[in-house]
1. I'm trying to understand the selection: among the residues of region 221-233, which are surrounded by fewer than 21 Cβ atoms within 10 Å (Cβ to Cβ) and either of a type in the set (G, A, S) or under 15 Å from A21 (Cβ atoms) (or both)?
2. Please name all residue pairs, on different chains or six or more residues apart, with Cβ atoms under 6 Å, provided the first residue is in region 174-193 and is touching a residue at least 12 places away in the same chain (Cβ under 8 Å) and small (G, A, S) and the second residue is in a helix (DSSP H, G or I) and crowded, with 18+ Cβ neighbours inside 10 Å.
3. Which condition does L195 not pass, out of (1) open to solvent by less than 20 Å² (accessible area, probe 1.4 Å); (2) out of contact with any Lys or Arg (no Cβ under 8 Å at 6 or more places or on another chain); (3) within 30 Å of S65 (Cβ to Cβ), if it passes all the others?
4. From the set of residues in region 58-68 that are assigned to a helix (DSSP H, G or I) and without any contact (Cβ under 8 Å) to a residue 24 or more places away in the chain, which is most open to solvent (accessible area, probe 1.4 Å)?
5. Output the residues belonging to region 17-44 that are open to solvent by 20 Å² or more (accessible area, probe 1.4 Å) and either among the aliphatic types (A, V, I, L, M) or within 29 Å of F221 (Cα to Cα) (or both).
6. So if I check each of G273, G269, G227, which one is assigned to a helix (DSSP H, G or I), at pLDDT 85 or above and in contact with a Pro (Cβ under 9 Å, 6 or more places away or on another chain)?
7. Going residue by residue through region 45-57, is there one that turns out to be assigned to a helix (DSSP H, G or I), more than 18 Å from F184 (Cα to Cα) and open to solvent by less than 20 Å² (accessible area, probe 1.4 Å)?
8. Have a look at I157, I213 and point out the one that is touching a residue at least 60 places away in the same chain (Cβ under 8 Å), open to solvent by less than 20 Å² (accessible area, probe 1.4 Å) and not acidic (D, E).
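The values are calculated or read from the model by the stated rules, or taken from the named source; none is laboratory data. Just so we're clear, the structure is a prediction, and the values are computed from it rather than from any experiment. Ideal geometry is used to build each Cβ from the backbone, glycine not excepted, and the neighbour counts take in all protein chains shown. We work out accessible area using only protein heavy atoms, side chains counted, and drop any ligands, DNA or RNA first. Shrake-Rupley method; radii C 1.70, N 1.55, O 1.52, S 1.80 Å.
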Amino acid sequence: MDIFGISSLVLPGIFSAMTGADGIFCLLLGMAGGAVLLWLMGANLKHMDADFYSYMKDTVGQIISDVFMVFYFLYFVTLSGYVLFELTTLTLSWLLPEGSFLGIGILLLLLAVYGSIRGIEGRARVYEIIFWFLGVPLLLMLIMAIPEINTSYWTPIVASDGVQLLRGSTSVLILLLPLSALLFLKPFSRNPEKLAACGRDSLLAATLLNIFIYLVILGAFGQNAMGVLKRPILTLMGMINLPGGFFTRQDVLMTAVWFFALFALLNTGIFQGSLVLKELCHETKHHYSLYLVALLAFFVGKGLFEHQFLAEIFGIYQYCIALPGMFLILLILLLVNQVKTGRKMGKEVEADAKE
């Protein structure tokens, strides 16, 4: 739900620069990259006896582990700020046009902090109920939009250049990076061995939904109009005519789908950022880390809302630091762990031979 919300809002605008339905190939390539990330995560999760931080300290030592944790802390804080920016913009554009970033942003962060304090299990159950309550109408609305599709807008295929495909695929993969939150959830999971499998299910579901939405939007608006519209999927929801005409503002109801999906991702970023900071600062009883993460997320979101150059810097950070860092850290941990395990087994064999 988290990944679907942000990706379905952002990706159509990115894919509008491509020819035909080439965005499908970006989604598939991005899914392949996400599958590699989940494989690395699953391979590391198998070696964890406790939490991720303890595993890193046992593998690469205290100092390097702290550096890695700072990396994850910065990622989740900036993710929270970016999602707050997108969520506030969505609210101001479609729900409360007379509102302000200050009022809406603070209210959303207070709700996210409250949700984090209440615990991860309660939040998961609430989001599951909301998803089924709003997700089914969304699918029905998309199915009703199929007669409006002009399939000629899907052609030509495989006509975009390699740079466009690489940029689009990288954008998809960046939007899948929140899956790394699974690394920190082992202490909260009843079946930790299924964490990677849950990630794969989420990856597949989000990809299929995005392909479906992308084809519907492209077929309804065409490439040029899709690039001009701010949020094509929400515009499409407002254009669909329900049988009988008994509900004329279904776009407001459908906006709730993305509102709660983005809020779920905001809550995830706040919770994960505070979890990382608690581990670094050895905090046990208080919620100071949670409040600090929320405060930092507010300033990041406010900066993105008011200054375009900060949005460009954020994009550079995602492409050049966050994306390669996620893969590199997991690869280093896995290789070092394999080397240490091999040495340990060698010493045991040597000791047995001497006996």
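1. G222, Q223, N224, A225, G227
2. Here the result reads S180/M326; A181/T268; A181/Q272, each pair linking region 174-193 to a residue that is in a helix (DSSP H, G or I) and crowded, with 18+ Cβ neighbours inside 10 Å.
3. Result: L195 passes all but (2).
4. Within region 58-68, the subset assigned to a helix (DSSP H, G or I) is 58-60, 62-68.
Still in the list and also without any contact (Cβ under 8 Å) to a residue 24 or more places away in the chain: 58, 62-65, 67.
Details: D58: 116, Q62: 91, I63: 133, I64: 80, S65: 0, V67: 90 Å².
Looking at the filtered set, the residue picked out is I63.
5. Initially, region 17-44 is screened for residues open to solvent by 20 Å² or more (accessible area, probe 1.4 Å), giving 17, 19, 24-25, 28-29, 31-32, 35-36, 39.
Listed by number, the residues that qualify are A17, T19, I24, F25, L28, L29, M31, A32, A35, V36.
6. Working: G273 fails: in contact with a Pro (Cβ under 9 Å, 6 or more places away or on another chain); G227 fails: at pLDDT 85 or above.
On inspection, the qualifying residue turns out to be G269.
7. Just the residues of region 45-57 that are assigned to a helix (DSSP H, G or I), to begin with: 45, 52-57.
Then keep just the ones that are more than 18 Å from F184 (Cα to Cα); that gives none.
No, region 45-57 has no match at all.
8. Numbers: I157 fails: open to solvent by less than 20 Å² (accessible area, probe 1.4 Å).
From the options I157, I213, the qualifying one is I213.
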